[in-house]
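**Q** Got a structure for you, questions after.
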Amino acid sequence: MVYPPTVRRRRRRRLLWTLVVGSVLVLIAVLVVQLRTDRRRVGDYLEVAHAAAQTYKELAIDVEMIVTDLEGQQRPTVLATLEDAVAAAAEADRRLAEAEPPSASGSVGGFMAAASASWKDSLALFQSTLAQLLDAPEDRAMAAQLDDVFLDMRVGDRAYDRFLDAVGQLDDELVGFTFPEVAFVPAGSAIVYDAELLSGRILAMAELSARHDVAVADISFLPQPVGDDQGVPVIPAGEGLEAQVTVINRGNEPEAAVAFELVLLRLDGGSSVASESREIEVLEPGQAQTLSFTELPVEQGVMYELIARAALADDADAASNELRKVFIWGSSE
């Protein structure tokens, strides 16, 4: 059948409108899906950013404790805290970089990335600078470098403030978190975070400088002495003699591979009758370790001298590395 021209034109118009309406509906559907995807991606990014902010808040508290109470802390604790802080900041920054904020989040991602990078770098610099200052408080170059540390921290603080402002501009439905306040250099604390003053405090605190000092603290015997002969302890003869020697780390640094030697001298002839060397794998600051030596070769009625020595390079008190005890095994009568 051949339709008149007017009918054909009406059919073409209806087809065209159908195509137009269909295209619009498809476009709307695509836009809705895209909007939902963007909103989901923004939410995912904010979740990562919130976790990072919580981490940095805790690290800022750690830094504040170090700066404000430096005199009340031990060197190993300070350095371990900063080592952990640097690792935590690096992990938080890595997770942020992997999150890739969507364009729908505006400048949120840029501000958070800037804050994280500044904080991460400043913590690493603070760790290395403070460690060197504790070892060499008079190093003015390191003291001046503290200015760079606090400057980077302030840059991070300002970027994070801008991040919070940007988050405040987002749709409330997108922001499912209350972001914490984070400030590595709190407002009104310029005196506390003054590089010159902090380096001066470190200079006045010798106890935070590295101190290497191990000591032989005590020698005891089993069985124990029961009397003396002209002031020399007499140990009752029995099945055998055991010596217990206590070595302690009186410094503020862990000590590894501490060399130890025990020598037993016979005083009636001045000859060595026994010697033994050992190695203490590690001694933490303040830690003591007792070494036992059994079946020492002794004879009835003989006077001996037991010498215990610990060897450590750069020991601050080398005189305490050796301890001697004279005794008589059994009665000389």
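**Q** Going through GLU284, GLU295, GLU299 one at a time, which residue ends up being modelled with pLDDT under 90, in contact with a helix residue (DSSP H, G or I) (Cβ under 9 Å, 6 or more places away or on another chain) and not aromatic (Phe, Trp, Tyr)? Walk me through how you get there before you give the answer.
**A** Details: GLU295 fails: in contact with a helix residue (DSSP H, G or I) (Cβ under 9 Å, 6 or more places away or on another chain); GLU299 fails: in contact with a helix residue (DSSP H, G or I) (Cβ under 9 Å, 6 or more places away or on another chain).
Of the residues listed, the single one that is modelled with pLDDT under 90, in contact with a helix residue (DSSP H, G or I) (Cβ under 9 Å, 6 or more places away or on another chain) and not aromatic (Phe, Trp, Tyr) is GLU284.
**Q** Something else about it: Considering each of LEU291, LEU323, LEU283 in turn, give the residue that is out of contact with any Cys (no Cβ under 8 Å at 6 or more places or on another chain), over 26 Å from PRO225 (Cα atoms) and among the aliphatic types (A, V, I, L, M). Talk me through it step by step, then tell me what you get.
**A** Values: LEU291 fails: over 26 Å from PRO225 (Cα atoms); LEU323 fails: over 26 Å from PRO225 (Cα atoms).
Being out of contact with any Cys (no Cβ under 8 Å at 6 or more places or on another chain), over 26 Å from PRO225 (Cα atoms) and among the aliphatic types (A, V, I, L, M) holds for just one of LEU291, LEU323, LEU283, which is LEU283.
**Q** Restricting to segment 206-231, what's the tally of residues that are exposed (fewer than 15 other Cβ atoms within 10 Å of the Cβ) and of a type in the set (A, V, I, L, M)?
**A** Result for segment 206-231: 3.
**Q** Separate question: Report whether or not GLN54 is at pLDDT below 90, on the phi < 0 side of the Ramachandran plot and not β-branched (Val, Ile, Thr). Step through it out loud before you land on a result.
**A** Working: at pLDDT below 90: no; on the phi < 0 side of the Ramachandran plot: yes; not β-branched (Val, Ile, Thr): yes.
For GLN54, the condition - at pLDDT below 90, on the phi < 0 side of the Ramachandran plot and not β-branched (Val, Ile, Thr) - is not met.
**Q** Right, next: Go through segment 306-333 and give me each residue that's crowded, with 16+ Cβ neighbours inside 10 Å and acidic (Asp, Glu).
**A** ASP315 - this is the single residue of segment 306-333 that is crowded, with 16+ Cβ neighbours inside 10 Å and acidic (Asp, Glu).
To keep it simple, each residue is scored yes or no on (1) surrounded by 17 or more Cβ atoms within 10 Å (Cβ to Cβ); (2) free of Cβ contacts under 8 Å to residues at least 60 places away in the same chain.
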site	(1), (2)
GLU255	yes, yes
SER271	no, yes
VAL282	no, yes
ALA288	no, no
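The values are calculated or read from the model by the stated rules, or taken from the named source; none is laboratory data. Quick caveat: nothing in here was measured; it's all calculated off a predicted structure. Cβ sites come from the backbone with ideal geometry, for glycine too, and all protein chains shown count toward neighbours.
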